[in-house]
Every structure is written in C-alpha cells, then in structure tokens.
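Chemist: Mind having a look at this structure? Questions to follow.
Readers should treat all values here as calculations from the given coordinates under stated rules, not as data from a laboratory. Everything numeric here is computed off the predicted structure, so don't read it as measured data. A quick note on method: Cβ atoms are made from the backbone with ideal geometry, for glycine too, and the neighbour counts reach across all protein chains shown.
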Ligand code: DAK
C-alpha cells in the first residue's frame, strides 16, 4: 500500500492487511482525522484481492482510549448532530472482508465501540474494556449500548455503562466480548496468525459467512435461517466449492480461486 497516513501504520503480511492506530501522544484517541484515515485504509484493503483478512490494532498501552474528548468538549448539539463521526462506524461495518480487532491495553468508549464494530475481538491479557462515557456526563454514542448488550447481555452491559467500570481481558472472555486472550509477549503475532488462518480460506465463502453471521443481529431466527439457506445454496455456484470438496476427496490442500 503506497498511501501514507499521519495517524496510522499500515502494512501487509502475506494475505493479512494490518492497520495500527498510531497516535501515541493521545493513547490513540479517535480524532476525526484518525477515523478518516482508518476508513480509507480499510477500504483500500477491502478492494485489494491480495488481502483476505484485516487486523485493526493499536499500541501495547492502548487500542484506543475513546473518541477525542478535547475535540468534542466544546461542541453544540447541532454540531454533534451534523458531525460525520457516526458515519465512520457505519463505514467500518460495510467492509466486506473479515476484520479482527486485536486489543492490547485501554479499549474505552469509542475505542470499545470500534472493536465491537469489527467482526471478532481478540485481546492481550493486559487489555481493559470499558464504556466510561457516563463519567463525562454522556452515554456511548457509536453503538455501545446496543452492541455491548448483544455481546455480553443486559446485566453486564448495564453494569459497565452505568458505572463506567473497566473489565479485564479474562472477564471479557468469560462474558463473550472477546473470542481469545493471548499472552502479552506474543499477542500481535498470535493475532496476525489467527487472521492469516482466516485469510487462507475460500474468499467468497468468507464474505458470505460474515454476511450470514451479521444477519443474526438484524433479523428474526426464521428470516436469518432463510438467509443462511439461500447463501449456502449460492456457494454451490462457486468454483471454490467444487475445489474444496474435490480437495477433500483427493486428500490434498485446496487451491482457492476466489470464484
Ligand atoms: N481524548 C483525548 N485525549 C485523551 C483521551 C481521549 N479519549 N484519552 C487520553 N488522552 C490523552 C490525555 O489527555 C493525555 O494527554 P496530555 O495530557 O499528556 O496532553 C494522554 O492522552 C495520556 O493520557 P493520561 O495521562 O490520562 O494517561 P493515563 O495512563 O494516566 O490514563 C486513561 C489512561 C485511558 C485511563 C485516561 O487517559 C482516560 O481516562 N482517558 C479517557 C477515557 C474515556 O473517557 N474515554 C471515552 C471518551 S468519550 C460519537 C460517537 C461516539 C463517541 C463520540 C461521538 N458521535 C456519534 C458523534 C465516543 C465518545 C467517547 O469515546
């Protein structure tokens, strides 16, 4: 990727695109400029056939300490209503390739909402998750009250949103907010290895699988199952389904074409 960014470090390892939030002086607080760059980087990876999976990560100390409080502090209601800010989270959700949020250190407020907008969250054992907006006299505004509640259930979500308390990586694992916790020393390598494992799967099936799981949040069970059945049947029109099943029968590794 040739584009350069002021608030990100972007690189590719094999079929994994890695976007590292890099605003160390503010613990990766999500300024408008940072979010704008993040969306551009995600969209570039989404359009690049050599990428199968994307990792969004931060520093060892902070994934992101939330939206930039200093930028928001003086805003009026009309300015907040017309802010492009919420559109950034919608844009993350529109990325068609799987996105792994690899979280170390603070993952707070809008940072936690960003991680939850990704497809799965993995954590270093140092990670701390929280929605501390209540301490600023506001509430989560980028989906936190909704996505957190779906991820961890009402009681834990209420506890976190009403008290602003932070939970550890182990608690987040127990509550179902994260799928895996890795040791701090190997966390980024482990996260990239997981993304590489995903990136190695059949590209069309990955895309359809992501759509189908996400549909579970937007539909009744009957509608979701119908969506899944149609998506499942559709995959029998792909070369990769023929290749995947032939490779199984012939006891060899499949050679995906993404078609
Ligand atoms: N914004 C701006 N700067 C921040 C920041 C933030 N969220 N978090 C940290 N910083 C800055 C600090 O001000 C400090 O800068 P200097 O004073 O050195 O210039 C530097 O980062 C280091 O921070 P600390 O000195 O505080 O470091 P500590 O290790 O002592 O403490 C901490 C780390 C993470 C516990 C602490 O910094 C902290 O409590 N930070 C704030 C966490 C927080 O309240 N986050 C929620 C923010 S509100 C929207 C949708 C969503 C949102 C907004 C709008 N729309 C739909 C429009 C989201 C809102 C939020 O996320």
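Chemist: Determine the pairs where a residue that is outside any helix (DSSP H, G or I), located within the range 158-169, has a partner that is away from the ligand (no atom under 14 Å from the Cβ) with Cβ atoms under 6 Å apart, the partner being 6 or more residues away or on another chain.
Modeler: none
Chemist: Further question on the same structure: Based on this model, can you work out whether residue 30 counts as within 14 Å of the ligand (Cβ to nearest atom) and crowded, with 20+ Cβ neighbours inside 10 Å?
Modeler: So residue 30 passes the test.
Chemist: If you take the residues in the range 15-27 that are touching a residue at least 24 places away in the same chain (Cβ under 8 Å) and part of a loop (DSSP other than H, G, I, E, B), which one is nearest to the ligand (Cβ to nearest atom)?
Modeler: 27
Chemist: What are the residue pairs meeting all of these: first residue in the range 98-116, first residue under 19 Å from residue 199 (Cβ atoms), second residue near the ligand (Cβ under 10 Å from one of its atoms), Cβ atoms under 8 Å, and 6 or more apart or on different chains?
Modeler: From residues that are under 19 Å from residue 199 (Cβ atoms), the pairs are 101/114.
Chemist: Something else now. So, in the range 187-225, of the ones that are farther than 26 Å from residue 240 by Cβ and touching a strand residue (DSSP E or B) at 6+ places or on another chain (Cβ under 9 Å), which residue ends up surrounded by the most Cβ atoms within 10 Å (Cβ to Cβ)?
Modeler: Filtering first and then ranking leaves 187.
Chemist: Also, I was wondering about something else. Which ranges mark the strands (runs of 3 or more DSSP E) fully within the range 34-132 that have 1 or more residues being within 24 Å of residue 3 (Cβ to Cβ) and touching a helix residue (DSSP H, G or I) at 6+ places or on another chain (Cβ under 6 Å)?
Modeler: 53-57, 62-64, 99-103
Chemist: Since residue 95 meets every condition but one in (1) surrounded by fewer than 21 Cβ atoms within 10 Å (Cβ to Cβ); (2) within 11 Å of the ligand (Cβ to nearest atom); (3) in contact (Cβ under 8 Å) with a residue 40 or more places away in the chain, which condition does it not meet?
Modeler: The one condition residue 95 does not meet is (2).
Chemist: Take the residues of the range 133-142 that are near the ligand (Cβ under 8 Å from one of its atoms) and not in a helix (DSSP H, G or I): which is farthest from residue 66 (Cα to Cα)?
Modeler: Looking at residues that are near the ligand (Cβ under 8 Å from one of its atoms) and not in a helix (DSSP H, G or I), I get 138.
Chemist: OK, next. Residue 178 is checked against (1) crowded, with 18+ Cβ neighbours inside 10 Å; (2) assigned to a helix (DSSP H, G or I) and fails just one. What number does that condition carry?
Modeler: The single condition residue 178 does not satisfy is (2).
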